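Okay, so here's the structure we're looking at.
Nothing in this text is a laboratory measurement; each read-out follows from the coordinates by a stated rule. Fair warning: this is a prediction, and the values are worked out from it, not measured in the lab. Reconstructed Cβ throughout: ideal geometry from the backbone, glycine too, with neighbour counts over all protein chains shown.
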Amino acid sequence: MVTLADGRKVNGADLCGPKIVGRKLAYCTDTVFCESAIELADQADVLIHEATFSHQDAGLAYQRMHSTSTMAAQVALAAQAKQLVMTHFSPRYAPGNPVELGDLLSEAKAIFPNTVMAKDFFTMDIERTNEKTSAKVSV
């Protein structure tokens, strides 16, 4: 209970609504596959993970300290995340090139099926199972 300068009494409990279970969002960027990313993303509702390179370019990924699509998917799988959102793609996978962004999505989905690719102005609702509340995230 708080007493205001004018004598009114305010009970903090009267200012609170019902408890809402939170949602867990993890964001991993500029890294290769590592155990710390798995710990960070443990049981995340959404894991946003960079996937700069395709699996075939893993050597470049290690040189430049970026992930492949398969590394991102492996982190999501090991962390038991519910959703993977890949982002931060190399322009080398533009349409018309031998490997395109759709190939990175296919690589990831082969490991972690609940994968989507972010693009400019991408937004999504993050919902927990059996809840009507959601949070919006923009990548």
Quick one: longest stretch of the chain between exposed loop trypsin sites (Lys or Arg not before Pro), exposed meaning at most 15 other C-beta atoms within 10 Å and loop per DSSP? 20-118
Among Ser36, Ser106, Ser67, which one shows the highest mean-square fluctuation when the chain is modelled as a Gaussian network with alpha-carbon springs under 10 Å? Ser36
What percent does the relative contact order of the chain come to when contacts are Cα pairs within less than 8 Å and at least six residues apart? 20
Calculated [θ] (222 nm, deg cm²/dmol) that DSSP helices of n ≥ 4 give over the chain, each run adding -39,500 (n - 2.57): -7000 deg cm²/dmol
Which of these, Thr123, Thr31, Thr68, has the largest mean-square fluctuation under a Gaussian network model of the chain (Cα springs below 10 Å)? Thr123
What angle, in degrees between 0 and 90 and rounded to the nearest 10, separates the Cα long axis of helix 69-79 from the longest principal axis of the Cα atoms of the chain? 40
Could you state the angle between the C-alpha long axis of helix 101-111 and the longest principal axis of the C-alpha atoms of the chain, as a value from 0 to 90 degrees rounded to the nearest 10? 70
Report which label in (1) 12, 43, 36, 9, 1; (2) 12, 36, 25, 11, 8, 6, 3, 0; (3) 10, 38, 36, 15, 1 holds the value of P(r) over Cα pairs in 10 Å bins from 0, in percent derived from the coordinates of this structure. (2)
Sort out the exposed loop chymotrypsin sites (Phe, Trp or Tyr not before Pro) in the chain (DSSP loop, at most 14 other Cβ within 10 Å) and tell me the longest stretch that has none. 1-120
Springs between alpha-carbon atoms under 10 Å, Gaussian network over the chain: tell me which of Leu60, Leu104, Leu84 tops the mean-square fluctuations. Leu60
So, over other residues within a Cβ distance under 13 Å of Ala78, counting Lys, Arg +1 and Asp, Glu -1, the net charge is -3
The range 47-131: GluC sites (Glu not before Pro) in DSSP coil with no more than 13 other Cβ atoms inside 10 Å: Glu131
Check Lys24: other-chain or 5+ apart residues with amide H under 5 Å from its amide H, H built from backbone geometry? Asp45, Val46
